[in-house]
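One structure is given below, encoded as structure tokens.
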Amino acid sequence: MAKACVEMALLDADLRSQSRSLAGALGVRRERVAAGAVVGLGEPGTARDEGIVSETTRLVAEGYERVKVKIAPGRGFETLRALRREFPELAVQADANGTFDLDRPGHRRELEAIDELGLLLIEQPLGPDTLVGHAELVERLRTPICLDESLTSVSRIGEAIGLSACDVVCIKPARLGGILQAVIAHDLCREAGVPAWCGGMLETALARSANAALSGLPGFTFPGDITGGERFVEPDPFLAGSADDLPRTAGPSIEVQRSPGVGPAPDEALLRAVTTRSELVAV
């Protein structure tokens, strides 16, 4: 992640010096990209199910066409079934964050039950090192299997595709080491015919804007986790004072930024307020 930060800073400086946007440098033609919404994992029981249905009702009213629900063993099927009953046509994505274990029969049965709900995909059902287990699920389940935490490098993505351990790939620039590695991963997936989407890791609006530009590449065919950075980081120097440059971050689609750099220019005063150390480097 530190490497990704350094790369982003260098890319931003280079692009601004050329008066080029990241989208322009990548050859992205789309003006807007679809964004998915995420509903978090709460306490088990009816109240949680009702809360998720209520939150999803609000998101659907706002226009979101894909909603991702966090699940875990014993806290997945009933919630997803309640959601599917209420929204039979909604693209629902379940994210298990590697919490299921195929060595536990109850976990197998729950995944098989979830498979009957017609979800968009199940994201990272097993632990990150379990490529063979994921390949088994790809073979056994009808619901597409997406890998996330397993994919720590471009070579790891290639290994997963070679083992048929996933139907869909989540590409996270921060985890892979930066935007350029994410582009290589995108090209690899596209060449292999594997759908992909751009995932997020609680970025500021600067990185979210970069992810939006990445999401405009043709191989990203699923809505990404690229909703507004203001939901995660406050204060965010790249949201305050940059109204003219800031892409729209609310709602089911995001405008791809066309101004110079990888994202919106910061509010200098707010940036200084959250800075703990700085060094001037002559180039």
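I'd like the antiparallel share, as a percent to the nearest 5, of DSSP beta bridges with both residues in the chain. Antiparallel: roughly 10 percent of the beta bridges in the chain. Counting Cα-Cα pairs of region 100-185 in 5 Å increments starting at 0 gives whole-percent bin shares of 3, 15, 26, 23, 16, 10, 5, 2, 0.
Structural descriptor for the chain: relative contact order 23 percent, calculated from alpha carbon pairs under 8 angstrom and at least 6 residues apart. Net length available on complete extension from Leu180 to Phe87 is 29.7 nm, with 0.36 nm assigned per residue and the Cα-Cα distance removed.
Dipole size of the chain about its Cα centre, with +1 on Lys/Arg Cβ and -1 on Asp/Glu Cβ: approximately 320 debye, rounded to the nearest 20.
Extension gain, Arg156-Val53: 0.36 nm per intervening residue step, less the Cα-Cα distance, totals 33.5 nm.
Springs between Cα atoms under 10 Å define the GNM used for the chain, and in it the highest mean-square fluctuation of Gln18, Gln181, Gln124 occurs at Gln18. The GNM of the chain, with springs linking C-alpha atoms under 10 angstrom apart, assigns the highest mean-square fluctuation among Glu203, Glu136, Glu89 to Glu89.
Computed over the Cα atoms of the chain, pair by distinct pair, the Kirkwood hydrodynamic radius stands at 19.7 angstrom.
Values quoted throughout were computed directly from the atomic coordinates according to the rules given, and no laboratory measurement underlies them. Note that the structure is a prediction, hence the values are computed from the model and not measured. Note: ideal-geometry Cβ built from the backbone for every residue, glycine included; neighbour counts use all protein chains shown.
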